[in-house]
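In what follows, a single structure is set out as structure tokens and then discussed.
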Amino acid sequence: MALTQAFLDKLVQAWATGARRVEYSGTVTEFTSGADLERRIAVTANALGVPNPLSAAAPAARAPSILLQFRR
């Protein structure tokens with residue numbers, strides 16, 4: 001079975017609902033644990049070259065703070 005974005009979406013959907021059984025393209029895969037499913041999601045995302053959907057997004061870079069002083 002080829003790894004596709006649709007397959008990754010199915011894995012994430014199963015993870016979100018707590019299911020450990022995924023059926024895709026006529027193939028049924030049952031994972032032994034949630035951690036096993038999370039590993040498969042990470043490997044699939046990496047193979048597709050997309051960010052892991054279970055990872056927290058990196059915080060946006062912030063501009064440095066500038067203290068302004070005004071005099072009268």
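Read-outs throughout are calculated quantities, based only on the coordinates presented, and are distinct from any laboratory measurement. Here the structure is a predicted model, which means the values were calculated and not measured. With ideal geometry, Cβ positions are generated from the backbone for all residues, glycine too; neighbour counts draw on all protein chains shown.
Descriptive notes on the structure:
- Close amide H pairs (under 5 Å, H built 1.01 Å from N) link residue 20 with no residue at least 5 positions away or on another chain.
- Take every pair of alpha-carbon atoms less than 8 Å apart whose residues are at least six positions apart; their mean separation over the length of region 5-48 yields a relative contact order of 37 percent.
- For region 16-28, the Karplus equation 6.51 cos²θ - 1.76 cosθ + 1.60, evaluated at θ = phi - 60°, returns couplings of 5, 8, x, 6, 10, 10, 10, 10, 8, 6, x, 10, 10 Hz by residue, with Gly and Pro reported as x.
- Trypsin sites (Lys or Arg not before Pro) within region 36-70: DSSP coil, no more than 14 neighbouring Cβ in 10 Å: 62
- As a ratio to 2.2 N^0.38 Å, the alpha-carbon radius of gyration for the chain is 1.80.
- Neighbour-limited loop hits for chymotrypsin sites (Phe, Trp or Tyr not before Pro), region 7-72 (at most 12 other Cβ within 10 Å; DSSP other than H, G, I, E, B): 70
- Top of 48, 37, 11 by mean-square fluctuation, Gaussian network on the chain, Cα under 10 Å: 48
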